[in-house]
Every structure is written in structure tokens, then in C-alpha cells.
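A short write-up of the structure that comes next.
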Amino acid sequence: MKPPADRYKWFALAILWVAFFLQQGSRQIFSATLPAIQNAFGATRADLGLVATVFTFVYGVCVPFAGLASDMLRRKWMVVAGVLVFSAGVFCSGFAAGVGLLILFYGVVNGLGQTFYYPASTSLVSQLHAETRATALGILQFGLYAGIILCSWASGFFADLGPGGWKTPFFIFGGVGVAWAFACMVFLADTPPAAAPDGASGRATPREALKAIVANPVALLLAAAFGMHVYVDVGYKTWMPDFLFKTFAADGITRANAALNAVLWHYLGAFAGVAAGSRFADRSVKNRPSARHETCAFGMLFAALFILATALAPSLGPGRGAFAACCAASALFGLFRGFFDSNLFAALFDAVAPRYHASATGLILCAAFVVGSSSGYVLGLIKTPAAGLASLAPVYFAGGLVLLVSRRAVNRVKFTEHTPC
């Protein structure tokens with residue numbers, strides 16, 4: 001059921017790309033429809049922020065177990081199970097009649113399903129694309145951006161159609177995801193894990209994986225910086241559509257326009273940042289092992305400035321000029337976060353042996369999402385949307401400083417099973 005071996009790695013990447021598109025796009029449905037859900041349920045900002053917090057916390061707590069399982073079990077079936085469960089959770093969210101059910105379906109079921117997908121899929125991509133790893137991971141990252149942009153716009157469009165319109169994107173994208181789980185089952189091969197250098201089985205034990213990662217200072221520092229990134233990312237994606245709608249509604253900005261513009265310019269900038277950052281780091285890392293860390297740090301430090309600029313843009317006054325300035329600042333925030341996005345997992349995989357890649361992904365995601373899980377709720381407690389958005393800037397700046405520290409640890413880490421690609 002698969003094409004010849006020399007083309008299979010790109011075929012598999014395409015299958016996983018669509019799944020990643022659906023996974024990341026489904027995360028933005030809630031944010032894009034948040035004002036409509038708030039009106040339908042009569043809920044407070046903090047109540048709805050709790051939905052995002054529960055999702056992020058469930059993901060963070062469960063993902064290390066999914067990563068360890070992906071290094072010990074069959075990664076194909078981890079991918080299939082993940083896509084099926086998170087899609088079912090998204091689909092059932094459309095039936096929610098209150099915040100409690102939304103927390104259950106979107107926060108818990110969706111969050112649990114998403115934990116299974118990412119560690120297994122990135123491990124597969126990393127193994128299949130040993131010679132083209134940065135390119136393949138960059139292409140996969142584009143699936144994240146495309147999913148967020150298109151699902152956000154579509155969700156805002158349906159939410160503007162009237163009462164109950166917010167339910168439609170949950171049904172559509174959840175249903176498509178369930179169908180795609182079966183496509184993954186049919187077309188993905190059951191690729192065995194990478195073998196250890198001594199020829200032993202490539203399947204890692206939990207103890208080996210934990211030791212290889214927890215004792216690795218580079219991995220720990222990357223996890224800390226990634227936690228700060230996730231805190232900012234969750235807060236931004238959850239509340240930016242609400243920020244634009246409430247700030248510029250008097251200027252004719254609809255929910256659909258707010259949902260689209262909250263992510264469109266930001267992720268167009270991120271597209272450019274990923275392309276430039278990955279190319280620069282891939283060229284530099286052969287002669288400078290800390291190049292990936294420096295690229296990530298550069299991205300976070302400069303992105304922090306434009307997070308602040310995005311929050312302050314409405315102070316220029318009412319009208320479309322302030323709205324355009326806000327979108328431009330968001331695009332520049334995206335450009336520099338793209339430098340971070342393009343190199344974080346490439347840096348991690350350079351620092352960890354291949355047969356621990358899924359475990360490393362799960363553990364770093366756990367640390368990051370547990371740290372970042374509070375952001376949706378915390379920003380919901382801040383009454384002024386602009387103040388909430390501005391509060392993200394120092395967090396991102398601190399992440400950049402952590403990465404400057406991590407670059408100093410790179411040369412002290414010795415690798416026995418992996419040479420950076």
C-alpha cells in the first residue's frame with residue numbers, strides 16, 4: 001500500500017503533514033469561536049480561559065508517557081490512535097452545551113489524543129529523513145501554520161453566521177480528522193525504530209530514555225525555553241482573536257476578520273522566519289555547534305519586542321491605521337518566532353540519540369506544556385486585553401536569555417550514538 005522505498009519518506013511526510021495540519025488547526029477552533037461561545041454560554045473570560053488551561057495541562061502531563069510509549073511500541077499505531085482520539089474529542093465538542101462539557105471533550109479528550117500524535121510522528125520523520133531532517137521538520141512545521149491560519153478563518157466565518165454557528169467547525173474538522181485516522185492506518189508503514197550502534201534492538205527502555213534526557217543539560221535548558229514559548233503561544237493564540245475583535249469592533253472588524261487577522265500575518269511572518277532560520281542554522285551548525293541555540297535565542301529576544309508592539313498598537317488611536325500597525329507588529333513577532341520554531345527540535349535531536357527521539361520529544365513537551373498551561377487562565381484574569389497581551393513579552397525575553405545559557409552547554413555534551421545532520 002505504499003510507493004517505492006526511495007519515495008516513501010516523502011509520501012509518509014505528506015500523510016503526517018495533513019494529520020499535523022488537522023491537529024494544530026483544531027487547537028485554534030476554540031480561540032476563533034471564543035466570543036461566540038462566551039455569548040452562547042454566558043461564561044466569564046476566566047471560565048473560558050480554563051478550557052485552554054485544561055487542554056494544555058492534560059497535554060503536558062500525558063505527553064511524556066506517549067513519548068516513552070512511542071519509543072517502545074509501534075509508532076504507526078500511536079499516530080493512528082492519536083489522530084482518531086483528538087478528532088473524536090473535537091467533533092464531540094460541537095455538542096457541548098456548557099463550559100463543563102467543553103472542558104471534558106475539548107480539554108481532556110482532545111488534549112489526551114494530541115499527546116499520542118506528535119512524539120511518534122516527529123520520531124518517524126527524523127528517522128526517515130536522516131539526510132534531510134531540517135527540511136522535513138520545516139515542512140512539517142508549515143503544516144502547523146497552515147492549519148492555524150485556515151482553521152481560524154473558517155471557524156470565525158462559521159461563528160459569524162448566527163447562533164449555533166460556532167459548532168460547525170468542530171463538526172467539520174473533527175469529522176475530517178476521524179476519516180484521516182483511517183488513511184494513516186492504511187497508508188503508513190510500520191517502520192521499525194532506529195537500531196543502537198552495537199546492533200541491539202532500537203527499542204528503548206523507560207529508564208534508559210529518562211537517563212539519556214534528564215542527565216543532558218542541553219535538553220533541560222531547551223525544555224525551559226520551550227516552556228516559556230508555550231506559555232506565550234497559548235496565551236497569544238487563545239486571546240489574540242478576542243483582543244482584535246473587542247479593540248477594533250467599532251472600526252468594522254467582525255469575528256471572522258479578527259480570527260483571521262489574529263493568525264494570518266503572524267504565521268505568514270513565521271513562514272519566512274522558519275525558511276530563513278532553518279537555512280541559516282543548517283549552514284552554520286557544521287562549523288559552530290551552538291548555531292541552532294543562537295538562532296533560537298535571536299528569535300525569542302527580538303520577538304519579545306514585537307509582542308509588546310502588538311499590544312501597544314491600539315494606543316496609536318482608533319481606525320484602520322492602528323489595526324494595520326497591530327497586524328504588522330504581529331507579523332514581525334511571527335518572523336522572529338519562526339527562527340525559534342525552525343531550530344528547537346533540530347537542536348534537541350542533535351543532542352539526543354535517535355532511539356530516544358520520541359521520549360525526548362514527549363518529556364520536553366511535558367515540561368513546556370505544564371509550564372505554559374496557566375497562560376490561558378492567567379490572561380483571562382487580566383481585565384484589559386492589551387495588558388494581558390503585553391504581559392507575554394517579558395516571558396519570551398526570558399526564554400531568549402535561557403537559550404543564551406544553553407549555547408554554552410552545547411560543546412560540553414558528548415554524543416555516542418548521533419552525529420548532527
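Bear in mind these aren't lab numbers, they're just calculated from the coordinates by the rules spelled out. All figures in this text were calculated on a predicted structure; none of them were measured in a lab. Here Cβ is always computed from backbone atoms with ideal geometry, including for glycine, and neighbour counts include all displayed protein chains.
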Points 7 angstrom from Cα along the Cβ direction at residue 288 and residue 408: gap in nanometres? 1.8 nm
Long-range lysine pairs (8 or more apart or interchain), the chain, Cα under 18 Å: 7
Within the set of other residues whose C-beta is less than 12 Å from the C-beta of residue 81, count the net charge using Lys and Arg as +1 and Asp and Glu as -1. +3
Compute the distance from the alpha-carbon center of region 25-42 to that of region 60-101, in whole Å. 20 Å
Which ³J(HN,Hα) values in Hz, rounded to whole numbers, follow from the phi angles of region 170-175 under the Karplus curve 6.51 cos²θ - 1.76 cosθ + 1.60, where θ = phi - 60° and Gly and Pro get x? 5, 5, 5, 6, x, x
Gaussian network model of the chain, springs between alpha carbon atoms under 10 Å - residue of 120, 387, 258 with greatest fluctuation: 387
With a 10 Å Cβ neighbour count serving as the proxy for reagent exposure, in which order, fewest first, do 170, 182, 91 appear? 182, 91, 170
For the chain, what does the relative contact order come out to in percent, with C-alpha contacts under 8 Å and a separation of six or more? 27 percent
When 208, 294 are ranked with the fewest other C-beta atoms within 10 Å first, the list becomes 208, 294
Cα radius of gyration and Dmax for region 279-343 (Å): 15.1, 50
Could you tell me the calculated FRET efficiency between residue 316 and residue 161, based on Cβ-Cβ distance and R0 = 51 angstrom, to the nearest 0.05? 0.95
Among 29, 172, 364, which one shows the highest mean-square fluctuation when the chain is modelled as a Gaussian network with alpha-carbon springs under 10 Å? 172
With a Förster radius of 41 Å, plug the Cβ-Cβ distance of residue 191 and residue 39 into 1/(1 + (r/R0)^6) and report the FRET value to the nearest 0.05. 0.30
Fewest-first ranking of 247, 295, using other Cβ atoms within 10 Å as the exposure measure: 247, 295
Mind ranking 224-233, 209-218 by how tightly packed they are, going by the mean number of other C-beta atoms within 10 angstrom, highest first? 224-233, 209-218
